[in-house]
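Here the structure is laid out as C-alpha cells; the discussion comes afterwards.
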Amino acid sequence: MSKAETLYRLQTIDLEIDERSRRLKEVKAILEGNEELQQVRQALQDGEKKLSRQRAKLRDQELEMRSLAHKIASVEERLYGGHIKNPKELASRQEEVQYLKRRKGGLEDQVLEMMIEVEDSETSVTEQRERLARLEAEWQETQAQLSVEQSELAIRLSQLKAKRAKLQKTIEAHDLALYEDLRQRRYGQAVALLEGELCQSCRVTLPSRKAQQARQGKELALCSNCERILYMER
C-alpha cells in the first residue's frame, strides 16, 4: 500500500468519525430536551393559570350580581310594601332601586363577556392539552428510536477509533503531521483523488509531471493548486 493510499484510507475513517460524531452530538442534544414540547407545556401552564383567574373573576361577578339582586328585592319590598310613608324617603328609595338596577345591568354585561372569555380559554386549554398529549406520545417514540441510534453511533465510533489507531501506527510521523496540518487547513479533507491529470477537490488540471509523480505513488505528491495530497485509485 502506497503512502498516499494509506493516508486516503485514514481520511475515509476520519471523515466518517467526523460525521458520526456530529450526529451523536445532535442526538444527545435532542435527547436532553425537546424545545417544542417545553414550549407547549409552558403555554398550557400559562393558559390554565389564565383560565383559573377568569373563572375566579366570573364567580366574584356572579356573587356580586346575586347580592345586588337580593338587595334590589329587599329595597323594592320595602318600597312597595307600604312601609314607607315619608315622600322624601320614598323618592330616595326609588333612586336607590334605579341605581342598583343600573349596576346590575352593567354587571350582567360584564358577566356575559367574562363567560365568553372563559369559554374561549377553555377551548384553548383543551386544544393545548390535546396537542401536548400528541407531542408527548411522539416524543416517547422518538426517544426510543434516538436511544437506539445513540447506542449504535457510540459502538461504531469506538470501532472506527480503534481502526484509526491501528492504521496510524503504519504511517511515518512526518507524513502524519502533514496530513493533520492539511486536515485543519482544508476543511477536513487532506487527500484529493486524482483522475487523469485533474484534481477532484479543486478541479484544477495538473502538470503531467505532477500527475505522473502521484500515479507512481513512491512519494507523496501535492496538488500545485490546493496543496492536498494526491491519490489515484487503482
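Some observations on this one:
- Among (1) of a type in the set (Gly, Ala, Ser); (2) loosely packed, with under 14 Cβ neighbours inside 10 Å; (3) over 29 Å from GLU26 (Cβ atoms) - the single one GLY217 does not satisfy: (2)
- Restricting segment 104-153 to residues that are of a type in the set (Lys, Arg) and in contact (Cβ under 8 Å) with a residue 24 or more places away in the chain leaves a set whose member that is farthest from LYS49 (Cα to Cα) is LYS104.
- Residue among ASP60, ASP18, ASP46 that is in a helix (DSSP H, G or I) and not assigned by TED's automatic domain parsing to the domain that holds ALA162: ASP18
- Residue that is in the same structural domain as GLN145 (by TED's automatic domain parsing), at pLDDT below 95 and part of a helix (DSSP H, G or I), where the choices are GLN98, GLN54: GLN98
- Taking the numbered list (1) loosely packed, with under 15 Cβ neighbours inside 10 Å; (2) modelled with pLDDT under 90; (3) in contact with a Leu (Cβ under 9 Å, 6 or more places away or on another chain) in turn, MET115 passes all entries but (2).
- Residues being of a type in the set (A, V, I, L, M, F, W, C), surrounded by 11 or more Cβ atoms within 10 Å (Cβ to Cβ) and farther than 21 Å from GLU127 by Cβ - total across segment 40-72: 4
- Residue selected from segment 223-234 under the condition hydrophobic (A, V, I, L, M, F, W, C) and more than 18 Å from MET1 (Cα to Cα), by the criterion surrounded by the most Cβ atoms within 10 Å (Cβ to Cβ): CYS223
The values are calculated or read from the model by the stated rules, or taken from the named source; none is laboratory data. On a predicted model such as this, the values are computed, not experimentally measured, just so you know. Positions of Cβ are backbone-derived with ideal geometry, glycine not excepted, and every protein chain shown enters the neighbour counts.
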